[in-house]
Each structure stands twice: as structure tokens, then as C-alpha cells.
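Taken together, the values in this text are just the output of simple stated rules run on the coordinates, not laboratory data. All values derive from a computational prediction rather than experimental measurement. Because the Cβ atoms are built from the backbone with ideal geometry, glycine has one as well, and the counts that use them run over all protein chains shown.
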Amino acid sequence: YQLLPRDKSKPPLVWHWIPIFGSAAAYGQDPIKFFLDCRDKYGNVFSFILLGRRVTVALGPDGNNFIMGGKHTVMSAEDAYTHLTTPVFGKDVVYDCPNELLMEQKKFVKYGLRNDNFRAYVGMIEDEVLQFMNKDSSFRAYQMNDINEWGSFDVLHAISEITILTASRTLQGKEVRDALDKTYAQVYADLDGGFTPLHWLFPHLPLPSYRKRDAAHKKMSQFYIDIIQKRRESGNQSEVDMIAALMDQKYRNGKILQDHEIAHIMIALLMAGQHTSSATGSWILLHLADKPEVAEALYQEQVKHFRQPDGSWRSMQYEEIRELPVLDCVIRETLRMHPPIHSIMRKARSDVPVPRTLAAPSEDGTYVVPQGDILLSSAAVSQVDPLLWRNSFEWDPTRWNDPEGVAQQAYKQYDDANGQKVDFGFGLVSKGTESPYQPFGAGRHRCIGEQFAYLQLSTVLATLIRRVELRLDHPVPGPNYQTMIILPKTPRNILYRRREFD
Ligand code: HEM
């Protein structure tokens with residue numbers, strides 16, 4: 001032991017067989033199990049080797065707080081992500097610019113995500129879902145108008161289509177929606193093929209997916225620039241989409257947002273929203289099909305609020321959506337068990353001391369995360385942590401209605417023992433960086449798409465559940481962690497039958 005001294009100030013390193021490969025297999029296979037197993041052995045803070053990189057993980061609400069609440073000058077998102085995102089999104093936006101500019105860009109986007117626009121979106125989304133159900137071959141049994149006929153659809157396929165149709169009709173704008181059936185779909189697919197964990201691990205490889213990604217980025221960027229220029233030439237100012245919101249925005253230093261910057265922000269929003277929302281929508285439908293009693297409660301909630309005396313359905317108003325507790329709890333609980341992003345990364349720009357309340361090597365020692373380490377936060381762990389949640393691996397939307405049931409007793413003890421103040425109010429978990437519930441992240445880089453995602457998911461779900469019953473003839477599939485976003489494995493076919501009243 002003395003011959004092999006270990007730097008006591010670095011967090012413990014997860015033991016591994018193969019030097020450079022490190023713990024890549026265990027992490028890639030099932031990061032949640034890997035992290036929970038490591039916590040048993042090493043505590044809340046530990047490092048592991050991932051294909052030559054050192055990654056330091058901080059778990060639990062305190063670990064979330066350490067990383068999500070960390071100073072951006074010390075823990076940099078752009079240093080951790082830019083090699084993946086810049087070839088896809090493009091130059092001068094998001095992680096390819098100083099963080100202060102990203103903050104301004106997020107403000108510009110927020111302007112496009114205002115309630116006035118959202119009010120117009122509900123009807124558009126409903127319309128797209130109905131068109132899809134009336135056209136797509138997977139909904140043939142529904143189209144036959146026979147209430148005894150069961151059909152089935154691959155949920156990820158159907159919800160991915162619905163997500164891009166509805167996002168393009170609303171946020172992305174009518175030119176994108178019109179191009180969807182033409183060239184846009186292939187360009188999007190090529191761009192998406194360049195946005196994978198492989199591309200994060202290896203920014204440059206002589207593989208076709210890298211070449212296709214670069215070509216697709218150029219085409220996509222030009223596509224948006226053309227839209228902007230045409231709108232400007234024609235004086236079109238009547239759209240309620242994001243392109244309209246971004247045109248003519250100015251940075252604080254007086255510089256106008258350039259056309260290529262608008263184009264690149266549009267690509268970033270497309271990539272940020274497409275898989276996250278389609279994964280969440282898919283998991284929601286799988287759980288509803290698995291628990292018909294919850295689907296029935298959701299349907300009855302729709303009947304109570306929106307069924308008119310003549311049997312037809314009234315559209316939801318944007319403001320009403322937030323007042324539907326079953327719908328809200330179903331989405332919330334799905335995001336607890338299936339947050340689309342399992343690893344949030346930052347890069348240490350200097351040595352970072354770990355707070356002693358989070359982890360320490362000895363009574364008077366301190367861990368220091370060395371400069372250059374990737375820092376990893378995983379709300380996907382704290383959201384299913386058996387120490388924090390009752391029946392943590394069970395999908396149970398009712399937990400959000402029960403002020404005593406949200407947090408497990410053990411969590412309160414933990415809370416008391418550490419003197420930490422975590423706001424577990426009725427049906428709500430604090431939005432702070434210390435919260436165990438962070439499907440949309442927290443702190444400076446928190447998601448700005450949350451309200452849009454809720455609006456989109458709620459409207460898609462309500463439109464479907466009003467018209468079809470759902471069942472599963474296999475268990476809810478397990479998660480596939482090998483994609484950027486946690487997706488359901490196959491088989492993931494949902495059985496459906498048209499409801500009597502429609
Ligand atoms: C950031 C989740 C939908 C735009 C984030 C982050 C998470 C997240 C966890 C934090 C990333 C980090 O700290 O590194 C989700 C989930 C979604 C969703 C679960 C849907 C269910 C959307 C949509 C949009 C969007 C629809 C756009 C319309 C963004 C943006 C950021 C972000 C711009 C900020 C990145 C930054 O500041 O570094 N999202 N997102 N997201 N998301 Fe979302």
C-alpha cells in the first residue's frame with residue numbers, strides 16, 4: 001500500500017480492469033445501476049474512467065446542487081458539450097459562444113415561448129394529431145370506425161412523428177411544416193445521426209455519419225436562412241412562431257441577431273425538443289396502456305371538463321391545461337421515472353473542492369476534483385433513489401397528489417440529519433438546484449422548453465385519450481441507455497381501440 005500511494009485529495013476512483021476503456025461498459029449498459037452500485041461502494045462522490053476521460057460523479061440532492069448550482073466560470077457546459085453540438089447546431093450560438101451570449105439567446109427564445117403564442121398552439125397541435133390519426137397506416141383500425149377492432153402502433157415511431165409534426169406546425173413555422181414531407185425529413189435524419197454518444201466521445205472519425213452530419217448542417221442552416229430572407233423581403237410579420245420571435249432581436253451590446261444565428265438557434269431548439277418530448281410521450285402512453293385504470297381516470301377528467309352536451313369535444317384552452325390534476329400527475333410521474341437525459345455534464349476549468357457536507361476523505365480532509373475532469377450530475381438517479389422515494393421504481397402518478405406520499409419518510413430523516421432545506425410542498429418539488437427532482441435541469445442551464453413540452457405533451461395526450469382506449473400485451477419495456485436520450489426498448493407496441501363516443 002505504501003509503495004503505491006494514492007492522492008487522497010482526489011475522489012475515489014471506480015475500480016476497472018482495462019486501463020483506457022475504464023468503466024465504459026457498465027456506464028453505457030445501465031448508468032443508473034452503475035451509479036447506485038458505485039454509491040454503495042464509494043459514497044456520493046466518485047470518479048470513473050470513460051474511454052480515457054476522467055468523469056467525477058456527484059449524487060443525491062447535495063450532489064445535484066454542487067454541480068447544477070456550480071459557478072459557470074469553473075464548471076463549464078460549453079467545454080463539455082461544444083464538440084458534440086457545434087457541428088450540429090452551428091457557429092455562434094448555444095455552446096459555441098461565451099456563456100453570457102447563451103443567456104441572452106435564451107431570453108430571445110423565451111420571448112417566442114410566451115403565453116400569447118401558446119394559446120394559438122393548442123388548436124394547431126390538436127389538428128395535427130387528428131390528421132395523423134386519420135391518415136397514418138398504424139391507425140387503420142381507428143379509421144375503420146369500428147369500436148370492436150383493435151389495432152396496434154409502435155409507440156416511439158408514432159409519437160416521434162406526432163412530435164415533429166406538432167413542433168413544426170407551431171414553433172418551427174409553416175415553411176418547415178410544409179417541407180416535412182419533402183427534403184427536410186432526410187436532412188433532419190442525417191443531422192440527428194450525428195448527434196449520438198459516439199459523436200460526443202469521438203468528435204472526429206472518418207465515418208459516413210460524420211460526413212452526412214456536416215452536409216446536413218449546411219443544408220439545414222441554409223434552409224432556415226432562406227425562410228428568414230423570404231419573410232423579410234415579403235414583409236411577412238404575421239407568424240406566431242419562433243423564427244418571427246427571433247427576427248430583429250438585439251443583444252445588449254446593440255448587435256442584431258444575425259440570420260445564421262437565428263438559423264442555428266432554430267436547429268438547436270429542434271434537437272433539444274424532438275427526442276426529449278417524443279421519449280416522454282412514448283413512456284407516458286406505455287404506462288397508461290399498462291395501467292388502464294389510470295388511463296380511464298385521465299379520460300374521465302377530459303369528459304368532465306371538455307365533453308359538450310351534444311357529445312362533441314371542446315378544445316382545451318391553454319390556461320385550463322394546468323388545472324387538470326390527473327394529466328399533470330401523469331406527465332410529472334413519467335418525467336420522474338424516465339427523465340430523457342441521464343447524465344448532465346460540465347468540465348472543470350480549475351480544481352474544484354467538494355463541499356465537506358457532500359463527501360470528504362477524512363474528518364479534516366477535502367476532496368478536490370482536478371481541472372479537466374468531466375463533472376457529471378444525474379437527476380435520473382435522485383429521481384428513483386429508494387432512499388428518497390417510496391416505491392421508487394413504481395410508476396404511480398397518485399404519489400403527486402398526496403402531500404405525505406411525495407417524499408418517503410427516509411427522505412425526511414435525511415433532510416433533518418443534514419439540516420438541508422428541501423421544499424417538498426404539496427404536489428410540488430422545489431425547482432432549486434438542490435432538488436432531487438430535476439427532469440428539466442436546474443440553475444443557469446435550466447431548460448426553457450418546459451412549458452412548451454407540457455403544452456405539447458398535454459394536448460397530444462388529451463387528443464389521443466379522448467378517442468382511443470389503450471392496452472399492452474407485454475410488460476412496459478426497459479430503457480435503452482445507448483442513445484442520447486433514454487428510449488423504450490422494443491417491443492413497444494400499444495394496442496388501441498376506438499371509443500364508442502367520438
Ligand atoms: C436544457 C430537459 C424539452 C430547449 C435542458 C436541460 C435538461 C432539459 C435536463 C439541462 C441541460 C444541462 O444543464 O446541461 C428537457 C426535457 C424536455 C425538454 C425533459 C421535454 C420533455 C425542450 C424543448 C426545448 C428545449 C421542447 C425547446 C423548445 C432547451 C434549451 C436548454 C435546455 C434551450 C438550455 C441549454 C443550456 O442553457 O445550456 N433541457 N428539455 N428543451 N432545453 Fe430542454
(Q) Tell me which DSSP H helices of the chain clear both cut-offs, 15 Å or more of axial length from alpha-carbon atoms and a mean Kyte-Doolittle hydropathy of at least 0.0. (A) 155-167, 259-290, 325-337, 450-467
Q) Taking the Cβ of Phe139 as the center, what net charge do the other residues with Cβ under 10 Å away carry, scoring Lys and Arg +1 and Asp and Glu -1? A) +3
Q. So, counting K/R as plus one and D/E as minus one, what does the shell of residues with Cβ under 15 Å around Leu50 add up to?
A. +2
Q: Quick one: of Lys33/Lys347; Lys182/Lys255; Lys91/Lys250; Lys71/Lys106; Lys71/Lys212; Lys230/Lys255, which pairs are farther than 26 Å apart, Cα to Cα?
A: Lys182/Lys255; Lys71/Lys212
Q: Net charge near Lys219: determine it from the other residues with C-beta under 14 Å of the C-beta of Lys219, scoring Lys and Arg +1 and Asp and Glu -1.
A: +1
Q: Sort His275, His305 so that the residue with the fewest other Cβ atoms within 10 Å of its own Cβ comes first and the one with the most comes last.
A: His305, His275
**Q.** Karplus (6.51, -1.76, 1.60) ³J(HN,Hα), θ = phi - 60°, over segment 43-52, in Hz, Gly and Pro reported as x
**A.** x, 6, 10, 7, 10, 9, 9, 10, 6, x
Q | Likely footprinting exposure, Trp17, Trp200, fewest C-beta neighbours within 10 Å first | A | Trp17, Trp200
Q) Check Val468: other-chain or 5+ apart residues with amide H under 5 Å from its amide H, H built from backbone geometry? A) Arg499
**Q.** Long-range HN-HN contacts of Leu13 with modeled amide H, under 5 Å
**A.** Ser47
Q: Rank-order 366-372, 134-140, 449-455, 19-25 by packing density, defined as the average count of other C-beta atoms within 10 Å over each peptide's residues, highest first.
A: 449-455, 366-372, 19-25, 134-140
Q: Give the distance, in whole Å, between the Cα centre of segment 312-359 and the Cα centre of segment 55-88.
A: 17 Å
Q: Please order Thr73, Thr86 by the number of other Cβ within 10 Å, starting at the fewest.
A: Thr73, Thr86
Q.
Please list log₁₀ I(q)/I(0) at q = 0.13 Å⁻¹ for the chain, using the Debye equation with identical point scatterers on the alpha-carbon positions.
A. -1.38
Q: Would you mind computing, in nm to one decimal, how far apart the modelled labels at Lys33 and Glu500 are, each placed 7 Å from Cα along Cα→Cβ?
A: 4.6 nm
Q) For Asn480, which sequence-distant residues (separation of 5 or more, or a different chain) have an amide H within less than 5 Å of its own amide H, given hydrogens modelled in the peptide plane? A) Leu487, Lys489
